Amino acid sequence: MVDLKAYAPFSGLLIFGNIENLILASQGAVAHVDPYTLGGLSLVAVIFWLLLGTYGTKVAIKYADYIEIFGGVAIIILGVQSMIEAMGVTLFP
């Protein structure tokens with residue numbers, strides 16, 4: 001049985017990472033990407049992060065606070081970038 005207490009410090013990244021995955025999927029839909037390709041790539045990304053999170057938690061647990069901060073900042077930046085691009089503004093031409 002898996003001890004879920006070991007994953008508790010990363011719960012914020014889990015929640016906001018899922019929100020970011022939805023944002024990236026909506027960007028793909030707006031860009032008219034093939035839904036099967038988008039779904040396949042999303043599945044590959046989810047499996048990769050699942051494996052990395054499962055096996056990397058034991059190593060990274062002592063750095064959980066720093067990982068949470070950097071991960072949260074990255075999620076916020078990507079979310080703001082996607083919202084700006086959805087409004088039609090080009091940040092980097």
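The values are calculated or read from the model by the stated rules, or taken from the named source; none is laboratory data. No experiment lies behind these values; they were computed from the predicted model shown. Cβ atoms come from the backbone with ideal geometry, glycine included; neighbour counts cover every protein chain shown. Quick note on the areas: whole protein, heavy atoms, side chains included, nothing else; ligands and nucleic acids left out. Shrake-Rupley method; radii C 1.70, N 1.55, O 1.52, S 1.80 Å.
Surface analysis of the chain yields an accessible area of 81 Å² per residue, using protein heavy atoms and a 1.4 Å probe. Note on semi-axes √(5λ) of the Cα gyration tensor in Å: of the candidates (1) 29, 10, 8; (2) 24, 14, 11; (3) 28, 17, 9, the value calculated from this structure sits at (3).
About the Cα centre of the chain, how large is the charge dipole given +1 on each Lys and Arg Cβ and -1 on each Asp and Glu Cβ? Please answer in debye to the nearest 20.
Details: 3 positive and 6 negative charges, 50 e Å.
Here the size comes out at about 240 debye.
Expressed as an acute angle from 0 to 90° and rounded to the nearest 10, what is the orientation of the C-alpha long axis of helix 11-30 relative to the principal long axis of the chain? With both axes taken from Cα atoms, the answer is about 20 degrees. Compare the Cα positions of TYR63, ALA31, MET87 along the charge dipole of the chain (+1 at Cβ of Lys, Arg; -1 at Cβ of Asp, Glu; about the Cα centre) and return the one farthest towards the positive end. Projecting each Cα onto the dipole axis, the largest value belongs to TYR63.
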